[in-house]
Structures are given as C-alpha cells and as structure tokens.
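S.K.: If you scroll down you'll find the structure; I have some questions about it.
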Amino acid sequence: MSFAKKAVFAAVAVLVLLGLNFAVQELPFYTVAGYGISEYWVRVLMLIGINVTLAVGLNLINGIAGQFSLGHAGFMAVGGYTSAYVTCSLFFLIFGNDAARILSSGNAGVGVTSAVLVAGLVAGGLAAAAVGLAVGVPSLRLKGDYLAIVTLGFGEIIRVVIQNLNVVGGNTGFRDLTFGEGASAVSVPVQPLANFFWIFLVAVIAVVMSRNIVSSTFGRALMAVREDEIAAEAMGVNTTYYKVMAFVLGSALAGVAGGLSGHLFGNLLTPATFTFVRSIEVVIMIVLGGIGSITGAVVGATALTLLPEVLRPVDSAYPGLRMVLYALMLILLMIFRPQGIFGRREFGFDWILRRGRRAEAVALTDGADAIAGTGTRPEDDQHQPGSSERGTR
Amino acid sequence: METVVQQIINGLVLGSIYALIALGYSMVYGVLRLINFAHGDVYMLGAYAGYYIARTAGLGDQNPSILGAIGVTVSAMVVCAVIGTVIERFAYKPVRSHSRLTSLITAIGVSLLIEYGAQMIFGANPKAFPSLVQSSPIPVGPVQITNVNLMIIVVSLLLMVGLQLVVHKTKIGKAMRAVSYNQTSAKLMGINTEMVISFTFALGSALAAAAGVMVALSIPSIDPLMGLLTGLKAFVAAVLGGIGNIPGAVAGGLIIGLLESFVGGSSLSGYRDAVAFGILIIVLIVRPSGIFGTAVTEKV
C-alpha cells in the first residue's frame with residue numbers, strides 16, 4: 001500500500017474514532033423507546049478497548065513468539081504509574097500552584113490535556129518497554145514452564161516494589177502527586193483524561209501493528225522461533241534478539257494500556273489491581289480467542305470483558321458463583337478445545353475474498369472433480385495463487 | 001543476638017511449612033512434568049478440612065487435646081489425599097496428551113476454581129481455627145518457641161523422613177522413581193503408571209494438608225486465599241532445591257523460610273514477599289536445575 005493510501009486510511013480512522021467518541025459522550029443522554037446506552041455500558045466499552053490492547057500485546061509475546069509470559073500485569077503497573085506520574089508532573093509544570101484548581105474546573109483546554117496525556121502514555125509505554133527489556137534479557141533463555149514462573153515472579157516483584165513506594169501512594173493507591181513541603185505543598189490529582197477516542201485509537205494502532213508484524217520478516221522470524229527454536233537458530237535467526245523484541249513490544253503495549261486505565265474516570269491505580277490474577281485474566285482472553293490469532297485476541301478480550309457484566313445478575317443471586325463459572329470455563333476450554341475459538345486463524349478481508357474465490361472455483365471444477373475423483377482439500381486454500389499471505393497460517 | 005536466634009527459629013518453622021508443600025510440587029513434577037498450580041490451594045483445603053472436622057468432633061478452645069489435634073491432622077490428610085486424586089483424575093488426566101502449555105493453563109484454572117469455590121462455599125471472611133493445643137512458650141536459651149511451633153518442626157521432620165522411607169524403601173516408592181525417570185519404560189516393565197500417578201498426587205496432597213492444619217494451629221486464622229502466595233513461595237522452594245528432587249525440596253523450603261524470616265525482621269520488611277521471587281529469578285538465571293538438581297543437557 002502506498003504511503004498516500006496509508007495516510008488516507010489513517011485520517012479516515014481518526015475521524016471515525018472522533019465521531020464515535022462524540023457519539024459515545026452524547027448517547028447516554030438519549031433513549032429510544034426506553035432503551036439507551038447508559039454511562040455504565042460506555043465504561044464497559046472503554047474497558048473492552050483497554051483489554052483489547054492488553055490482549056493484542058500479550059498475543060505478540062505468547063502467541064506469535066511462543067513465549068509464555070505470566071507477568072503482564074507488572075508491565076501494566078509500570079506503565080500506569082509512570083504515565084500518571086508524568087501527567088501530574090507536567091500539569092504542575094504548566095499550571096504551577098493553581099494546577100489542581102484549573103484542572104478540576106475544566107479550564108485546562110483540550111489541546112493541553114491531550115498533549116499531556118499523549119506524553120504520559122508515551123512515557124508509560126517506554127518505561128514498560130525498558131522494564132520488559134530488563135526482564136526479558138535474563139529470562140528468555142528459559143523455556144516453557146520456567147519462563148512462565150519467572151515472569152510471574154517479576155510481576156509480583158514489581159507489585160511489591162510499587163507497594164513500598166510511598167511517593168506514589170504505596171498501598172492506598174496513586175491518588176495524587178504532591179509537590180513541595182508543608183504549607184506550600186501543591187497536590188495534583190490524577191486526571192481522568194482517558195476517553196473513548198484515545199483508548200480505541202491505541203487499540204486500533206495495536207491491532208494494525210500486530211498485523212503488520214505478522215506479515216513481515218520480523219513476524220516470520222518470531223513464528224520460526226515459536227515453531228522450533230533450535231531449527232530457527234540453525235537457520236541463522238538470532239532467537240534471543242527476536243524473543244526480547246517481542247517481549248519489549250508486548251510490554252510497551254501493556255504499559256500504554258496501563259496508562260490509559262490509570263487515567264480512566266473512577267479508576268484507582270493500586271498495587272492490588274495488578275496482581276498475578278490480572279495477568280491470568282489477560283492470558284485467558286487470548287487462550288479463549290486462540291493463541292496466535294490477533295482476531296482471537298480481540299474477540300477474547302471483548303468476550304471476557306462482557307462476561308462478568310453479563311453474569312452480574314448471577315452474582316447477586318449467588319455471590320462468588322461468577323468467578324467459579326469463569327474458572328470452570330477455563331478448565332473445560334482446555335480439556336475440550338485448547339486451541340480456542342479461532343485457533344491460529346484470522347478473520348479478515350482475505351478470508352472473505354478467499355471464500356468467494358473458492359466458491360467460484362468449486363463451481364467451475366465440480367464437473368472435473370466428479371470425473372477425476374478429487375475434491376478441494378483444506379490445505380489447498382493456503383496455496384492459491386493470488387491470495388495474499390497476510391493473516392493465513 | 002537474641003533476635004537473630006529468634007529469627008532463625010521462626011525461619012525454621014516457616015521453612016518446614018514451605019518444605020512440606022514443596023515436596024508435593026516436586027513429586028508431581030517429577031512424575032508428570034506438570035507444575036500443579038492447585039497444590040497451594042490443597043494446603044488451604046487441608047486447613048479448612050481440619051476446621052470443619054474439629055468443629056464436628058466437638059473439639060475446640062474449651063477442650064484442647066493433643067490426641068484431638070493428631071486426629072484432626074490425619075483426617076485432613078486423608079480428605080486432601082482424596083481431593084488431590086480427584087483433581088488429577090478429572091482435570092489433569094484429560095489434558096495429559098495435549099501440550100505442556102495447556103496443562104499449565106488447566107492447572108491455573110483448577111487453582112482459581114478451588115479458590116473461588118472456597119470463597120463461595122466457606123465465605124471470603126477469615127475463620128478462627130479452634131486452638132486444639134494450648135499454646136505455651138518454651139524457653140530455649142535466651143529465646144522462646146511456642147510448643148505449637150516446635151510441634152510444626154518436629155512433625156514436619158517426621159513426615160519428611162517418612163516420605164523418604166516410602167520413596168526409597170517401598171515398592172510403590174520404587175515405582176514412583178521409575179515413572180519419574182521414564183514413564184514409557186516403567187509401563188513396559190509392568191508398572192501401573194496410572195495408580196502410581198494417583199498415589200503421588202495423594203501423597204503430596206496429604207503432606208500439604210498436614211502443613212495446612214499445623215499452620216492453622218499456629219496462626220489460628222484461615223481464609224480461602226491463604227494458599228495462593230504460600231503455594232507460590234513453596235513452588236519457588238521446590239525449584240530452588242531442584243524440582244523433582246525430594247531432599248532438594250526440603251532444603252529449598254528451609255532456605256526460603258530462613259531468608260524470608262530475616263528480611264521480615266529487618267528494615268526491608270515490606271519486601272518480604274518479594275524475597276522468594278527474587279531468589280527464584282537468581283536461581284533460574286544462575287543454576288536452573290536447582291541446588292540438588294542434575295543439569296539436563298538437551299540433545300538436538
């Protein structure tokens with residue numbers, strides 16, 4: 001695709017997202033025949049967006065590079081805390097001692113807040129990437145179970161370290177950042193800057209980035225490492241470099257997602273949110289959708305963000321049953337369909353085009369097949385001339 | 001000086017608990033190459049089993065008795081042995097033929113199921129375990145150790161020695177060692193591997209249950225999530241000692257218990273939970289096979 005075409009696509013996407021953002025902000029005020037989208041569901045929508053970014057990032061590590069990481073929550077935490085620290089500091093730098101007052105009265109201006117949010121997210125992503133590098137380099141020589149446990153360990157260590165950092169609130173959470181001492185101390189609270197636009201812009205970027213990676217030489221190297229690391233090494237692929245890079249990218253995405261969740265209205269950054277169980281939730285998302293499939297990651301994230309909400313009435317009848325069903329679902333999924341919903345396949349334009357072409361081909365060759373006794377075999381689909389290799393396994 | 005000795009004693013008590021749980025991890029990994037994430041929760045179930053058995057039997061704060069404590073522990077061990085076998089039969093056996101990743105995720109699923117199930121059935125609030133043994137401090141030189149803690153160390157030691165005898169001196173122990181060495185050859189030699197695997201799970205779960213009851217006697221508050229962190233640390237202990245290696249699990253447990261006790265008593269006490277994980281990372285980077293483990297060379 002030429003650069004002009006890409007630019008047009010990007011511009012259209014941004015406009016669409018801005019439009020949706022406006023719609024989402026106005027919708028809670030309208031009802032059609034008694035049905036409306038309340039602010040509650042808007043919030044669920046935003047959580048879906050954040051989880052999609054997390055799942056797509058983890059899919060890069062677990063699914064495409066084949067490295068089992070259980071420490072994703074740690075990178076989220078690093079990104080979340082760093083971005084909140086940066087945004088509060090920037091607001092203090094820009095507005096000085098009146099920061100809290102200006103921000104709470106809404107006089108800060110969209111341009112300034114957006115720029116600060118972007119700066120915060122970038123900082124969060126970079127910090128998480130740096131931590132991902134630090135974690136990845138020593139850990140990635142381990143395989144399978146051991147790598148899983150080490151990443152789990154790192155996630156827990158990050159959480160414990162944050163718990164002991166009183167400057168960012170320690171155990172009670174990151175509510176605000178205080179500058180100065182005593183009577184002249186200025187406290188800048190963490191602002192709810194994340195909205196539909198930013199969350200889904202990041203999600204779209206994450207998905208596009210993943211797709212581009214999968215169809216590039218970088219992605220091929222990752223998949224080679226996933227399939228057979230020794231063979232890949234023998235073929236000259238620098239396995240360590242590619243594994244670490246996948247890790248760094250995945251953790252950067254987790255960091256940005258963490259930053260967004262930290263700036264979500266009503267969300268509090270506490271060490272208790274970023275436990276091992278949170279990492280497992282993201283793992284379940286990609287496992288449900290199919291490890292290695294980007295569509296699977298998106299679908300899994302959506303499904304597993306909606307599931308607790310859908311099961312909420314069950315929970316009020318039998319408290320705690322919801323999570324039990326969750327765990328049961330995971331076990332049954334592993335026993336009966338370990339490859340998840342999509343397996344490694346993707347759902348995209350190619351799939352639709354291929355189906356169309358295959359229907360034509362079947363119609364044309366039906367006669368010939370009947371005579372020759374052969375039929376279209378599933379493997380043939382992937383080698384049809386002209387069909388793009390993108391997204392196919 | 002007194003504090004150091006006190007911390008050593010606390011460390012030994014903590015380490016014994018970790019060692020008992022770590023033994024279960026090591027044995028199951030040796031036999032199945034599976035990290036049984038649910039093992040920590042079996043420890044929790046042991047404590048709860050002891051709680052309900054003690055309540056039903058009428059034992060409690062009013063009439064403490066050593067015999068009662070022993071009875072409760074043994075019953076809890078039996079209950080958890082059954083639970084462990086059930087978990088293996090229904091959750092792990094169907095996924096044995098799938099990839100290791102699938103087994104790992106299944107184990108995580110079972111762990112979550114037990115935790116949330118316990119929260120639903122028993123209630124998320126901590127319960128007070130009846131004190132079956134009257135706690136009294138015993139002076140050992142300049143420091144004190146409660147009789148309960150002393151009991152923990154002694155009972156753990158006895159159980160570990162018992163396990164060592166079972167593994168090395170009995171036929172089923174020999175079968176366990178054979179299956180962990182090479183499952184296919186063991187089958188060819190006529191060993192009923194299914195029974196051996198079930199027995200391994202039962203044995204490991206019984207030890208975890210004993211640990212659970214003893215901890216509940218010492219710290220008389222039990223809650224459904226008590227197995228999560230303790231289980232993870234015990235797993236670290238198993239890895240430290242060389243996973244699949246029984247004396248290694250004991251050594252690993254004691255080392256982690258001692259280190260955690262020292263960090264907990266020092267100025268860095270907020271980081272005590274991170275100690276185990278820090279050790280894990282260092283071990284896996286420096287010597288992944290653990291202290292007593294044999295380095296496995298990969299043939300290409």
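We did not get these values from a lab; they are worked out from the coordinates using the rules stated. Note that the structure is a prediction, hence the values are computed from the model and not measured. Here the Cβ is made from the backbone with ideal geometry for all residues, glycine too, and neighbour counts use every protein chain on show.
S.K.: On a C-alpha basis, how far is the centre of the stretch A:279-294 from the centre of the stretch B:36-110 in Å? Whole number, if you could?
M.R.: A separation of 29 Å, based on Cα centres.
S.K.: For the stretch B:42-148, what does the equivalent ellipsoid look like in terms of its semi-axes, each the square root of 5 times an eigenvalue of the Cα gyration tensor, given largest first in whole Å? The partial results should precede the final answer.
M.R.: Details: eigenvalues 238, 56, 37 Å².
Values for the stretch B:42-148, descending: 35, 17, 14 Å.
S.K.: Read phi for every residue in the stretch B:40-46 and hand back ³J(HN,Hα) as whole Hz from Karplus 6.51 cos²θ - 1.76 cosθ + 1.60, θ = phi - 60°, with x for Gly and Pro.
M.R.: With coefficients 6.51, -1.76 and 1.60, one gets x, 6, 5, 4, 5, 5, x Hz.
S.K.: Taking the Cβ of A:Gly262 as the centre, find all other residues whose Cβ is under 14 Å away and add up their charges (Lys, Arg: +1; Asp, Glu: -1).
M.R.: Details: positive: A:Arg175, A:Arg278; negative: A:Asp176.
Residues close to A:Gly262 contribute a combined charge of +1.
S.K.: Right, something else. How large is ³J(HN,Hα), in whole Hz, for each residue of the stretch A:230-235 in order, when computed from phi with the Karplus curve 6.51 cos²θ - 1.76 cosθ + 1.60 and θ = phi - 60°, using x for Gly and Pro?
M.R.: 5, 5, 4, 4, 5, 7
S.K.: Work from the charge dipole of the stretch A:232-345 (Cβ charges, +1 for Lys and Arg, -1 for Asp and Glu, about the Cα centre) and give the residue of A:Phe336, A:Ala254, A:Gly266 farthest towards its positive end.
M.R.: So the residue furthest toward the plus end is A:Phe336.
S.K.: Points 7 angstrom from Cα along the Cβ direction at A:Ala234 and B:Lys171: gap in nanometres?
M.R.: If labels sit at A:Ala234 and B:Lys171, their model points lie 4.5 nm apart.
S.K.: Please find the FRET efficiency linking B:Ser266 to B:Gln164, where r is the Cβ-Cβ separation and R0 is fixed at 30 Å, and quote it to the nearest 0.05. Mind showing how you got there, number by number?
M.R.: Details: r = 34 Å, r/R0 = 1.13.
So the FRET efficiency works out to roughly 0.35.
S.K.: Sticking with this structure for a sec: In chain B, if every C-alpha pair distance is counted and binned at 10 Å from zero, what percent goes to each bin?
M.R.: Histogramming chain B at 10 Å steps yields 7, 28, 36, 22, 7, 1, 0 percent.
S.K.: Please get the size of the charge dipole for chain B, origin at its Cα centre, with Cβ charges of +1 on Lys and Arg and -1 on Asp and Glu, quoted in debye to the nearest 20.
M.R.: On the way: 16 positive and 10 negative charges, 203 e Å.
It comes to approximately 980 debye.
S.K.: Let me ask something additional. Report Rg (one decimal) and Dmax (nearest whole number) for the protein assembly as shown, counting Cα atoms only, units Å.
M.R.: 27.8, 97
S.K.: In nanometres, what is the gap between the two model label sites at A:Leu93 and A:Phe218, each 7 Å from Cα along Cα-to-Cβ?
M.R.: Using points 7 Å along Cα→Cβ, the separation is 2.8 nm.
S.K.: Helix-only estimate, please: 222 nm mean residue ellipticity of the protein assembly as shown, summing -39500 (n - 2.57) across DSSP H runs of length 4 or more and dividing by its residues, to the nearest 500.
M.R.: Working: 26 runs with 472 residues, N = 693.
Result for the protein assembly as shown: -23000 deg cm²/dmol, rounded to the nearest 500.
S.K.: Take the cross-link list A:Lys6/A:Lys243; A:Lys143/B:Lys233; B:Lys93/B:Lys127; B:Lys93/B:Lys171; A:Lys143/B:Lys93 and give me the ones stretching past 31 Å between alpha-carbons. Spell out each step's value before the answer.
M.R.: Numbers: A:Lys6/A:Lys243 29 Å; A:Lys143/B:Lys233 20 Å; B:Lys93/B:Lys127 34 Å; B:Lys93/B:Lys171 24 Å; A:Lys143/B:Lys93 23 Å.
In this structure, B:Lys93/B:Lys127 exceed 31 Å between Cα atoms.
S.K.: Suppose each label sits 7 Å from its Cα in the direction of the beta carbon; what would the A:Ala317-B:Leu67 distance come out to in nanometres?
M.R.: Going by the 7 Å Cα→Cβ label model, 4.9 nm.
S.K.: Compute, for the stretch B:43-197, the length of the dipole vector about the Cα centre, with Cβ point charges of +1 (Lys, Arg) and -1 (Asp, Glu) only. Units Debye, rounded to 20.
M.R.: On the way: 11 positive and 4 negative charges, 127 e Å.
So the dipole magnitude of the stretch B:43-197 works out to roughly 620 debye.
S.K.: Once the Cα atoms of helix B:147-169 and of chain B are each reduced to a long axis, what angle between those two axes, in degrees from 0 to 90 to the nearest 10, is obtained?
M.R.: So the inclination is approximately 20 degrees.
S.K.: Name the residues whose placed amide hydrogens come within less than 5 Å of the amide hydrogen of A:Asp176, ignoring near sequence neighbours (fewer than 5 apart) on the same chain.
M.R.: Those qualifying (amide H under 5 Å, at least 5 residues apart or on another chain) are A:Val190.
S.K.: Among A:Ala65, B:Phe90, B:Met214, pick out the residue whose Cα is farthest towards the positive end of the charge dipole of the protein assembly as shown, where Lys and Arg carry +1 and Asp and Glu carry -1 on C-beta, about the Cα centre.
M.R.: In the protein assembly as shown, that residue is B:Phe90.
S.K.: Check cross-link reach from B:Lys174 to the lysines: straight Cα distance under 17 Å, and skip same-chain residues fewer than eight apart.
M.R.: Once the sequence-local lysines are set aside, what remains near B:Lys174 is B:Lys187.
S.K.: Answer rounded, prolate or oblate for the stretch B:104-199, using the Cα gyration tensor with square roots of eigenvalues a ≥ b ≥ c: rounded when a/c is under 1.5, else prolate when a/b is larger than b/c, else oblate. The partial results should precede the final answer.
M.R.: On the way: a/c = 3.60, a/b = 1.41, b/c = 2.55.
Since a/c reaches 1.5 but b/c is at least a/b, the shape of the stretch B:104-199 is classed as oblate.
S.K.: What whole-number value in cubic angstrom gives the convex hull volume per residue for the C-alpha atoms of the stretch B:90-150? Display every interim value, and only then the final one.
M.R.: Details: hull volume 11.0 nm³, N = 61.
Output value, Cα hull per residue: 180 Å³.
S.K.: So, R0 is 41 Å and r is the distance between the beta-carbons of A:Ala130 and A:Lys5; what FRET efficiency does that work out to, to 0.05? Could the numbers behind the result be given before it?
M.R.: Values: r = 34 Å, r/R0 = 0.84.
That pair, A:Ala130 with A:Lys5, gives E of 0.75.
S.K.: Which ³J(HN,Hα) values, rounded to whole Hz and listed in residue order, are derived for the stretch A:304-310 from phi using the Karplus coefficients 6.51, -1.76 and 1.60 in 6.51 cos²θ - 1.76 cosθ + 1.60 with θ = phi - 60°, glycine and proline given as x?
M.R.: Working through the residues one at a time gives 7, 7, 6, 4, x, 5, 5 Hz.
S.K.: Now a separate question. Within the set of other residues whose C-beta is less than 12 Å from the C-beta of A:Leu60, count the net charge using Lys and Arg as +1 and Asp and Glu as -1. Please list the in-between numbers first.
M.R.: Values: positive: A:Arg211, A:Arg226, A:Lys243; negative: none.
Result for the local shell: +3.
S.K.: Same structure again: For chain B, take the longest principal axis of its alpha carbons; what is the angle in degrees between that and the long axis of helix B:272-286, to the nearest 10 within 0 to 90?
M.R.: It works out to around 30 degrees.
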